[in-house]
Amino acid sequence: MKKVLMGDHAVSYGVTLSRAQVIAAYPITPQTFIVEELSEMCADGRLDGRFIMVESEHSAMACVIGASVAGSRVFTATSSHGLALMHEMLHWAAGARLPVVMANVNRTLGPPWNILCDHSDSMSQRDTGWIQFYVESNQEALDTIIQAYSIAERVRLPVMVNLDGFFLSHTAEVVDVPDQEQVDAVLPPYSPEFKLDVADPHTFGAICLDSNFMKMRSGIQEAMDESGKAAIEVDNDFKEIFGRHYDVVEPYRLDGAKTILVTAGTAASTSRVVVDAFREKGEPVGLLRIRMLRPFPFAQIRSLLREADRIAVIDRSISYGLSGGLATEIRAALYGTEGSHPPVFGYIAGLGGKDLVPEAISEMISRCQKGQRPAREDLWIGVKS
Amino acid sequence: MSNKYSVDTKKAPPGSITFSDMSWNRTGSWRYLKPAFVRKVSPCNEACPAGNDVEGFMFLAGEGRYQEAVEKILEESPFPGVCGRVCYHPCESSCNRRTLDKAVSIQEIERFISQYEPGCYPQPGQARQERVAIVGSGPAGLTCAYHLAKLGYCVTVFEKEKALGGMLRLGIPAYRLPRRVLDGEIERILSLGIEVKAGCRAGQDVSWQDLMSWDAVFAAVGAHHAVPLGIPGERLEGVLSGTAYLAALNMGRPVGLGERVAIIGGGNTAIDCARSALRQGSRPIVVYRRTREEMPAIAAEVEEAAQEGIQIEWLTSPVSLRGTNGRVTGVECVRNRLGEPDEDGRRRPEQIPGSEFTIDVDGLITAVGELVDLANLPENLLTNRGAIKIDSWGRTSLDRVWAGGDAGTDPRMVVHAIAAGKRAALSIHATFEGQDLVELEKRVRVGPNGHISMRRYLAADSPHQILISETVKPEDINLEHFELVGRVRSRALEPKDRITGFQEVNPGYDEQSAHQEARRCFHCGSCDLCGICFRFCPDLAIKMGDEPGTNRLNEFYCKGCGICAQECPRSAIVMERET
């Protein structure tokens, strides 16, 4: 059924259709609408789940970890400082191999105080063992939540679905809300072989000081590899039922493209308009949207980017003293290709809610077309002078 | 290694999960602090002049163990039925639950419990040689007799009236304290084998000199003489004192007052007189010189009097009494305003010139205070401000003579009289035993500012229980573990049904109400087996006991984290350095 939904509410519908059983959350803008709607869904019976109010995001994550160990399908949502506060528990969820699903509505971190969008919150958590998606539309937000449970429960890793604060969270779009029966068909109930159960007692997360520890750590990496494949399988199943699907990376007009824009999230939508404009002028420009950041889709990226002359990466965050995170990772991917590889121009733009307008993206393309190699690893766009 | 659970290693889970128990990991070896299950002093226990273990009987009442609850009270006070009705309940004023919602209705619960007969009746102690004379059978005298008899003494009570009870009988109307309740509790006291000489006034029917030949004397003669108003016309016919009026009424010789009766005063006697007069068919009016705020009467009594339609003239003082043919016909009054506070901290009334007015009356009762009959005391007995001079152990200026209650310098409340009786009993006993009262005081006092506990004296508490003389403050309570629960209302008769006679105004809680209200108790500083320590312990190192004070620590596994002490809702766990 088609509905006009804000991105936050699209996520809430995705969670309800996934039949989450335990939701624990602490409010933070721009995430709050997600759990607000879910609390009402729990209260009025649309969702047969328990909603647990907690006193912090750290507790929210700890709470869903506990519920997940007990065998429940769980959900939480957060943003920005909330995600930062969860940091320790993010490691725990992944280390304990729990299929926790979380929506992170991207928002920058203060100070200076700012509630608007950039990706510094989720980019700071790339090393925690969570699968990460960055979505571009409200429809994709809803669909990715459902896919996230499928992937998480197959590979036993937690999944973070990132959506841009305000650009998606507070913006209404037409969303096709799937039927429950269709979702049930792609997402069976969660039933782990081991769970907290007084009739079958185990300690979870128990101490492990020997080489088993290394084994469990390498197991996480193996599961990450597996999840790349699982994402494709899940998407294929999804396509069969719903007719929609999403690749882990999404190419746009890459045929013969000499200059390729790379970005994630809603910046891709604006970039498409810019790419079209360059193409109309006869310039071979294309776009690659990164939908899945973890596991990093090395193979797809290498095969799609290696033939380009120039690559312009738009990062909505920066690793201070290095460069934009996405640019760094694209460089790392290309470094592994045979022969020479195209220079990567790493643009830092759109921080703290700064609009990424077509003119700014055009400027990035023009600038990188002029230079042989970037002057620096980080090229800033839109800094007040 | 043999495992309790068989594991298919191919199906082994990806995270770390144990398949055998962890009991080999004796986390107790990490500990340098250790929790101790203690009993601190609850503020109600510290506030109770009678030394009652309020927290203790709340626990028993909350468990529905009413018979044991009454036994617990009887360890300290022989008058649960009396105090459950007429006490001014300082316990409730100190209740920590006030900081969450409302104080626990301790008095109503005590009163409910008091209807149960103890399974184990108070017994006289092993007989001793010493004989003790107790002069006065009010709450002080009878409490002293009760505790001395339980300690084995041969006790004789001398009472000037035909019936025992002192002010409990003479001063308190039956609608507040039914006679069957008073009679029952007195009978229980006397069943300890106490000899009674009723109708025998010390100083007249028996000389003080004779009494002084006993091994010890407790003078608890009360304060029965009315303070005069000190205004013209007091000798008119139709003017009588509140104590005389109530005594006559309560001894079955009611005095007719006429239709319109003015009562002068603002204490409990004044309110008792007004409500009694109303029940006798008069139309009473209370005249008090200050405001309700300063009124010494128990607030609930004033409230009930107002509900019954009794008029109270605040900020009004009588100036003179008018009479016709020697009989009082009116009281001339003047209005006051409140000035600066006087020595007791209450604002002093100042007369407003030109505000004089007259209340026409058929009778007038004075109730502005009671005096000790100083003329009828042993020779050479020192007095202080109109009462017998006593020290902190109730000893007078005369050897082997103790005093207390209204006759001493104690606050003039029933429960303070009970306290004085107990104090004298223990003081007399300790003196005969040659015990050091200074040392004794430290041992028997309930908390830093508390009163004497017989239970503490007799060391009746479990030897496992660690008693700490520290009073639990509101901030020591972990309010996270309590929900807002309203106080259970007591059932009062409708005013129109009350005033038809002297039936009890408040029929008290039923069982369900008493139980529900007792469950509101925080049990400040005492374990009530809530199990929160057990549930929060990460090492399952707490073994729950069957009775408060019997929880045990599994020292092999307690790693001293302190979560139990932090979470304990009632501050009954403290962390101590490991020895």
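Are any residues in region A:363-385 outside any loop (DSSP other than H, G, I, E, B), touching a residue at least 24 places away in the same chain (Cβ under 8 Å) and exposed (fewer than 15 other Cβ atoms within 10 Å of the Cβ), and if so, which ones? Hit for region A:363-385 is A:W380, nothing else. The single residue among A:Q182, A:Q132 that is touching a residue at least 40 places away in the same chain (Cβ under 8 Å) and outside any strand (DSSP E or B) turns out to be A:Q182. If you go through region A:197-217 one residue at a time, do you hit one that is within 25 Å of B:N25 (Cβ to Cβ), touching a Pro at 6+ places or on another chain (Cβ under 6 Å) and within 11 Å of chain B (Cβ to nearest Cβ)? There is no residue in region A:197-217 that is within 25 Å of B:N25 (Cβ to Cβ), touching a Pro at 6+ places or on another chain (Cβ under 6 Å) and within 11 Å of chain B (Cβ to nearest Cβ). Scanning region B:116-126 turns up at least one residue that is surrounded by fewer than 24 Cβ atoms within 10 Å (Cβ to Cβ), under 20 Å from the mean Cα position of the chain (by Cα), in contact (Cβ under 8 Å) with a residue 12 or more places away in the chain and within 30 Å of B:I477 (Cβ to Cβ). Taking the residues in region B:24-47 that are more than 11 Å from every other protein chain (Cβ to nearest Cβ) and assigned to a loop (DSSP other than H, G, I, E, B) as candidates, determine which candidate is modelled with the lowest pLDDT. This residue is B:W24. Against the conditions (1) free of Cβ contacts under 8 Å to residues at least 60 places away in the same chain; (2) under 28 Å from the mean Cα position of the chain (by Cα), B:L315 satisfies every one except (2).
Of the residues B:W393, B:W402, the single one that is under 23 Å from B:V41 (Cβ atoms) and more than 18 Å from the chain's Cα centre (by Cα) is B:W393. Checked against (1) farther than 24 Å from B:L553 by Cα; (2) modelled with pLDDT of 95 or more, B:T18 passes all but condition (2).
Taking A:T32 as the residue in question, decide whether it is in contact (Cβ under 8 Å) with a residue 24 or more places away in the chain and surrounded by 20 or more Cβ atoms within 10 Å (Cβ to Cβ). No; evaluated as a whole, the condition is false for this residue. In region A:336-349 there is at least one residue matching the filter, namely being within 20 Å of the chain's Cα centre (by Cα) and in a loop (DSSP other than H, G, I, E, B). A Cβ distance below 6 Å, combined with a sequence gap of six or more or placement on separate chains, defines the contacts here; from region B:472-498, residues that are part of a helix (DSSP H, G or I) reach residues that are charged (D, E, K, R) in the pairs B:P495/B:E308.
Condition check ((1) small (G, A, S); (2) touching a strand residue (DSSP E or B) at 6+ places or on another chain (Cβ under 7 Å)) across all residues:
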| residue | (1), (2) |
| --- | --- |
| A:C117 | no, yes |
| A:A141 | yes, yes |
| A:I146 | no, no |
| A:R156 | no, no |
| A:T171 | no, yes |
| A:A185 | yes, no |
| A:Y190 | no, no |
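Are any residues in region B:53-77 more than 18 Å from the chain's Cα centre (by Cα) and either more than 18 Å from B:S513 (Cα to Cα) or assigned to a loop (DSSP other than H, G, I, E, B) (or both), and if so, which ones? Once the filter is applied, which keeps residues that are more than 18 Å from the chain's Cα centre (by Cα) and either more than 18 Å from B:S513 (Cα to Cα) or assigned to a loop (DSSP other than H, G, I, E, B) (or both), region B:53-77 yields B:E63, B:G64, B:R65, B:E68.
In region B:482-497, the qualifying residues are those that are over 19 Å from B:Y509 (Cβ atoms) and surrounded by 11 or more Cβ atoms within 10 Å (Cβ to Cβ), and the one that is modelled with the highest pLDDT is B:F482. Among the residues of region A:19-29, which ones are outside any strand (DSSP E or B) and surrounded by fewer than 24 Cβ atoms within 10 Å (Cβ to Cβ)? Once the filter is applied, which keeps residues that are outside any strand (DSSP E or B) and surrounded by fewer than 24 Cβ atoms within 10 Å (Cβ to Cβ), region A:19-29 yields A:R19, A:Q21, A:Y26, A:P27, A:I28, A:T29.
Search region B:405-427 for residues being over 14 Å from the mean Cα position of the chain (by Cα) and part of a helix (DSSP H, G or I), and hand back the single one that is surrounded by the most Cβ atoms within 10 Å (Cβ to Cβ). By that ranking, first place goes to B:A424.
Restricting attention to region A:59-97, the residues that are outside any helix (DSSP H, G or I), within 14 Å of chain B (Cβ to nearest Cβ) and surrounded by 20 or more Cβ atoms within 10 Å (Cβ to Cβ) add up to 2. The set of residues in region A:156-179 being surrounded by fewer than 19 Cβ atoms within 10 Å (Cβ to Cβ), aliphatic (A, V, I, L, M) and either at pLDDT below 95 or assigned to a strand (DSSP E or B) (or both) consists of A:A172, A:V174. Which one of B:V196, B:V217, B:V221, B:V181 is closer than 26 Å to B:T366 by Cβ, buried (at least 16 other Cβ atoms within 10 Å of the Cβ) and aliphatic (A, V, I, L, M)? Answer to the check: B:V221. The single residue among A:N106, A:N114 that is at pLDDT 95 or above, over 23 Å from A:K229 (Cα atoms), buried (at least 24 other Cβ atoms within 10 Å of the Cβ) and of a type in the set (S, T, N, Q) turns out to be A:N106.
Residue count for region A:102-129, restricted to those that are among the hydroxyl-bearing types (S, T, Y) and without any contact (Cβ under 8 Å) to a residue 24 or more places away in the chain: 0. Residues in region B:438-459 that are on the phi < 0 side of the Ramachandran plot and not in a helix (DSSP H, G or I): B:R445, B:V446, B:P448, B:N449, B:G450, B:H451, B:I452, B:S453, B:L458. The set of residues in region A:133-172 being closer than 15 Å to A:T263 by Cβ and of a type in the set (A, V, I, L, M, F, W, C) consists of A:F133, A:V135, A:L163, A:F167, A:L168.
Number of residues in region A:185-194 that are within 12 Å of chain B (Cβ to nearest Cβ) and either exposed (fewer than 10 other Cβ atoms within 10 Å of the Cβ) or not in a loop (DSSP other than H, G, I, E, B) (or both) equals 1. Looking across region A:127-137, the residues that are in contact with a strand residue (DSSP E or B) (Cβ under 6 Å, 6 or more places away or on another chain) and within 11 Å of A:G265 (Cα to Cα) come down to A:F133, A:Y134, A:V135. Taking residues in region A:193-222 that are among the charged types (D, E, K, R), and partners anywhere that are exposed (fewer than 10 other Cβ atoms within 10 Å of the Cβ) and part of a helix (DSSP H, G or I), the pairs with Cβ atoms closer than 7 Å and at least 6 places apart or on different chains are A:E193/B:K11.
Conditions (1) of a type in the set (D, E, K, R); (2) closer than 29 Å to B:E480 by Cβ; (3) out of contact with any His (no Cβ under 9 Å at 6 or more places or on another chain), marked per residue:
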| position | (1), (2), (3) |
| --- | --- |
| A:Y13 | no, no, yes |
| A:A20 | no, yes, yes |
| A:P30 | no, no, no |
| A:L38 | no, yes, yes |
| A:M41 | no, yes, yes |
| A:I52 | no, yes, yes |
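The values are calculated or read from the model by the stated rules, or taken from the named source; none is laboratory data. In this text the structure is predicted, and so the values were computed from the model without any measurement. Positions of Cβ are backbone-derived with ideal geometry, glycine not excepted, and every protein chain shown enters the neighbour counts.
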